[in-house]
Amino acid sequence: EKGGYEHFMLKEIYEQPRAIQDTYRGRLLRDEAIIKMAGVEDNMKKFLNADRIIIVACGTSWHAGLVAEYIFEEFSRIPVEVEYASEFRYRNPIITEKDIVIAISQSGETADTLAAVKLAKEKGAFVFGVCNVVGSSIARETHAGAYTHAGPEIGVASTKAFTTQITVLSLMALRLARAKGTMSSSVFRMYLQELELIPQKVEQLLSVNEHVKEISKKYLLSTNCLYLGRGYNFPVALEGALKLKEISYIHAEGYPAAEMKHGPIALIDDRMPVIVIATSKGHYEKVVSNIQEIKSRKGKIIAIVTEGDTTVKEIADHVIEIPDSEEAFSPLLTTIPLQLLSYHIAVMRNCNVDQPRNLAKSVTVE
Ligand code: M6R
C-alpha cells in the first residue's frame with residue numbers, strides 16, 4: 001500500500017506531480033484559454049460583489065491560505081484576510097453577506113474549521129470549501145466548493161494536500177482575475193501555461209532527494225532551526241518549520257526574512273541552521289543581504305535557490321536548486337525540498353514519520 005516507499009509521507013511527496021496534475025485536470029483548459037470550475041462559475045455574482053475574502057483553516061491548510069492571500073490580492077485585487085479557524089470562531093468576528101469565507105481543509109473534518117464554517121453561515125456569508133476528502137463534513141456544510149484531487153493523504157504530515165490546495169486556489173484567483181478584468185488575457189494565458197508546467201518541474205526537482213539526504217545527515221542533531229522566506233515564500237518558511245517540528249521534534253520557527261532583524265537574529269550562532277528561500281524572483285537582493293548577516297554571525301545556511309544561481313552559492317553552506325518559475329507559483333516548488341529535509345532528518349532520528357507522537361491526522365476535537 002506504500003507503493004514500495006518506506007513511509008506514506010515519502011510516497012505522498014513523490015505523488016505531487018500527479019496530484020497537482022489531477023487537481024487542474026478538466027479545469028485548466030489552455031487551448032481554449034479558460035478555467036472551468038463549477039463552484040466558482042455558479043456563484044460568480046457573489047465572487048464579483050464580494051467586499052473581501054476571509055480564509056479560515058488550521059495548520060498546513062492555514063499556510064496554503066497565506067499563499068493564497070498573496071495570489072488572490074495580486075491576481076484578482078480582492079482584499080483577503082487569513083485567520084486561524086480556532087481564533088475566528090471564538091472572537092465574534094465581523095462578517096456580512098458581502099463577505100466570502102473560504103474554508104481550507106484536507107480532511108474536511110477539522111473541528112475548529114467546521115465550527116468556523118457554521119458561524120460564517122449563521123452570519124450570512126457565502127461559504128466556499130476547499131477540501132480533499134470527498135463528502136467530508138466541511139464539504140457538506142459549505143455552500144459550494146472545489147475539491148483538491150490529491151488522493152488519500154495518510155501521513156500525518158501534510159504534503160500533497162498543501163501543494164494541491166495552492167493549485168486550486170491559484171485556479172480560482174486566475175478565474176476571478178479574468179472575470180474582474182484585473183489581468184490581461186495575455187498574462188492570463190502565460191499563467192495557465194506556467195501552471196501546466198509545474199508537475200514536470202516538481203518531477204525534475206524530486207531528483208534533489210539524495211542531495212537533501214546528504215545535507216540532512218549534517219543537521220540531525222540540531223536542537224533549533226530557523227526558516228526564512230519572503231513574499232509568496234514567507235508561508236513556505238512557516239510550513240517548512242511546521243514540517244520539521246511535527247515529525248522530527250526539533251524546535252523550528254518560520255519567519256519573514258525581513259523580520260529577522262527584529263528579534264530572531266539574536267538566536268544565530270554556529271549551531272543554528274538557517275534554511276533560507278532565496279529564489280531569483282522574490283526580492284532576491286534583500287534575501288542575499290539577510291544571508292550575509294547570518295553568515296557573519298556564523299549561522300549555517302541551507303539555501304533554496306533558482307537553478308544557475310551563483311551569488312548565494314558562494315556564501316551558503318549548502319544550496320538546493322529548484323527550476324525557475326513564475327514567482328507566484330514558486331511555493332509549489334520551494335516547499336518540496338523542505339518536505340524532504342524534514343522527512344530525512346526525522347527518519348535519521350528514528351522518529352515515527354507517518355504517525356508522530358501526540359498528533360492525529362484529523363483533529364476532530366477542540
Ligand atoms: O485536515 P485539515 O487540513 O483541516 O488539517 C489541518 C491541520 O490539522 C493539519 O494541516 C496539520 O497541521 C498537519 N499535521 C500539518 O502537517
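The values are calculated or read from the model by the stated rules, or taken from the named source; none is laboratory data. Keep in mind the model is a prediction, meaning the values are calculated, not measured. Backbone-built Cβ (ideal geometry, glycine too); neighbour counts: all protein chains shown. Surface areas here come from the heavy atoms of the whole protein model, side chains and all, with no ligands, DNA or RNA. Shrake-Rupley method; radii C 1.70, N 1.55, O 1.52, S 1.80 Å.
Tabulated values for the structure
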item: Computed over the chain, the ratio Rg/Rh where both radii use C-alpha atoms and Rh is Kirkwood; result: 0.96
item: Linear extension gain, Ala258 paired with Asp31, 0.36 nm per residue minus alpha-carbon span; result: 77.7 nm
item: Overall form of the range 140-206 per C-alpha gyration tensor (a/c, 1.5; a/b vs b/c); result: oblate
item: Whole-number accessible area per residue in Å² for the range 149-195, which is evaluated in the context of all protein chains at 1.4 Å; result: 29 Å²
item: Protection proxy ranking of 357-363, 290-296, 111-117 - average other beta-carbon atoms within 10 Å, highest first; result: 111-117, 290-296, 357-363
item: Mean ellipticity per residue at 222 nm, deg cm²/dmol - from DSSP H runs of n ≥ 4 across the chain, formula -39500 (n - 2.57); result: -14000 deg cm²/dmol
item: Linear extension gain, Leu206 paired with Lys218, 0.36 nm per residue minus alpha-carbon span; result: 2.3 nm
item: Chain lengthening between Gln193 and Asp269 when straightened (0.36 nm per residue, less Cα-Cα); result: 23.0 nm
item: FRET efficiency estimate (nearest 0.05) - Cβ-Cβ, Glu74 to Ser186, R0 25 angstrom; result: 0.90
item: Cα gyration tensor shape for the range 1-86, rounded if a/c is under 1.5, else prolate or oblate; result: oblate
item: Amide H contacts under 5 Å for Ile55, placed H, 5+ residues apart; result: Glu81, Val82, Glu83, Ile102
item: Within straight-line cross-link reach of Lys300, aspartates and glutamates at Cα separation under 16 Å, skipping those fewer than 8 residues along the same chain; result: Glu214, Glu253, Asp269, Asp270, Glu314, Asp317
item: Sorted peptide list for 183-195, 320-332, criterion being average Cβ within 10 angstrom, highest first; result: 320-332, 183-195
item: Pairwise label distance in nanometres, Lys45 with Glu293, each label 7 Å out on the Cα-Cβ vector; result: 5.1 nm
